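Accompanying notes for the structure given below.
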């Protein structure tokens, strides 16, 4: 396949991608507005503090960032550490006059300077050090804390100033004192957020869920009356006594101040690195962030934001995922999002004050649930028992102590498991290996804290387009390393370099999960899982038609089609029914994709048919044309239409890199084929074409008909070559 044309960077991108970045920046600003205010209030800071951080992150940090499509600003993952800091330094929230606010700002400035220094010292790579189970356990704990703390403002009450376990005990009494108006607002907001995920109407999806909350909730709240609800309180004068706050270093000699500095530094740096890596995996152009530059941007951005009253700053996952989904191509989208938020603050403060705090609390409860979603527990358990135990130990550790001690407990637990399985202390931060040409031969155990040493050796061994990794004398590879190696292998493949594993047959996964820990000396479990009803039906279908059936297949790039994988990741390829002849192969598969990451994750399923053996092909994609597509195409002018077949042009959006080549492929017979089969869409990746109908799993008889239609289409395409 030809190399993907990457978006321009710097000032050249300002002109080249203005439309895409501005539209995306505008959409993200609508999401950021309520979330930034809600995060600030939940952190015990004034609402303006969250907006300041997003504005500085967009306008300033975006110019320094080493990432491409991340959005910087305050994040729900920092609520716990921020609240703890401001509370310990004098008092959190309006009921305490934000007494700890200026002192917390001083701690954020110093933490930002330390993070900047870490970036300059090029320690961004330590993002690969932390064990996956401990990190996800920490995030799940943060989600639980957010849900518990925000439950109270969601029902119209102040959050108790108690430890999290004691706060849970206050819930029954709080229910008897709840404000019915706040409950209605919170439940309505939650319903909107849940329904927005389920609705597939493109016009509805174009408006972010948080903005739908405001569109519906604000008039309802006004109808209920201002006497029954609490609303966001913005400063009367931005530069007045209740406006921009400057930092204080009066408590720099206190232990609480330096505990806050340590917390802000470690949690901000870890969260930002993890978010940047997660966003990289969603980038349709497969670009990799310079994590050292990102630390410099986030650190200096945090310090600057705190200097004028802002919260700490990180690369934020929810808004970054939204940026990608809305077509943002460069960091100018981040800039536009910050600039637009500044406009909102300057001229729309009166509108912001119409937002009830119960709606903001409900949004954060929803965010907390996404962080601690039951699927996180299920997914971890599927990887392996030790992963689940470390996950739970970290989660409980954070809940009963704090973030820093909790993540430390999780890392310690992971070490105990690793050393109990035979790892050597001398391998804690290094691997035993011998490099011979393009082959790296490994020995002993590979686990989370020596992966950086392994990666360094692999980087040095790369010469030409191939590197080999020999596992002959390896006894254990933990889940974190398995995951990192797969990510590393995909990145090398993007650059035309192949990483090949050798001599791994003695290493057996501790579970059936593809990313499970692999060990020697354990028996390979026989797979005796009973086939599901769908698997049985498709196996019978394949047998009756003389086709082949495969239960599951790893995604190797052959299913990389624009509308299927753009801004999405393929989670699984299952139930493959293969109908092949010496020249053409028809493969139907159940595809599950994941859109977003962590708190934004959504799963989609469909059955599609891949046709292999037709070459050469231009790259293009078709989709059902909606009213929104028509409006967008009128502006961009990139929809390929055919005057001879207006029915086709009316029903389909057709775009391709080489419009002339696409037109040549779509002859009159091809156009009439799709006019007669309006449920079908065609996509080409340059090597194969994919035919799909509905976005759902197809029944066996529907799969047969899809194969028949695919064969008819291939005959048309083959005939036009002659």
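None of the figures in this text is laboratory data; all of them are computed from the coordinates on show. Remember, predicted model here, so these are calculated numbers, not experimental data. A quick note on method: Cβ atoms are made from the backbone with ideal geometry, for glycine too, and the neighbour counts reach across all protein chains shown.
Quick rundown of the values:
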quantity: Over 19 Å [Cα-Cα, region 425-519], rounded percent; calculated: 36
quantity: Compactness of the chain as Cα Rg over 2.2 N^0.38 Å, two decimals; calculated: 1.01
quantity: Length gained when the stretch residue 711-residue 508 is fully extended (0.36 nm per residue, less Cα-Cα span); calculated: 68.9 nm
quantity: Cubic angstrom per residue, convex hull over Cα atoms of region 24-383; calculated: 135
quantity: Counting all C-alpha pairs of region 616-722, share separated by more than 19 Å (%); calculated: 44
quantity: Between region 442-458 and region 1-70, the Cα center-to-center distance that results, in Å; calculated: 35
quantity: Zone of residue 9's modelled label, taken as backbone nitrogen in region 267-290 under 12 Å from a point 7 Å along Cα→Cβ; calculated: 287-290
quantity: Taking region 533-719 and dividing mean pair separation by its residue count, relative contact order in percent (alpha carbons under 8 Å, at least six apart); calculated: 21
quantity: Length added when fully stretched, residue 497-residue 592, from 0.36 nm per residue minus Cα-Cα; calculated: 31.5 nm
quantity: Computed over region 622-722: relative contact order in percent, which uses C-alpha pairs under 8 Å that are six or more apart; calculated: 23
quantity: Using distinct alpha-carbon pairs, which all enter the 1/r mean, Kirkwood radius of region 438-489 in Å; calculated: 11.3
quantity: Theoretical gain in end-to-end length, residue 487 to residue 520 [0.36 nm per residue, Cα-Cα removed]; calculated: 9.6 nm
quantity: Efficiency of FRET between residue 401 and residue 660 - r from beta-carbon atoms, R0 56 angstrom, step 0.05; calculated: 0.30
quantity: The chain: relative contact order in percent, alpha carbon pairs under 8 Å with at least 6 residues between; calculated: 16
quantity: Nearest 10 degrees, 0 to 90: helix 332-347 Cα axis against the chain principal axis; calculated: 40
quantity: The chain: angle of helix 255-282 to the longest principal axis, Cα-based, in degrees nearest 10; calculated: 20
quantity: Residue 220/residue 249 FRET efficiency (R0 30 Å; Cβ-Cβ; nearest 0.05); calculated: 0.10
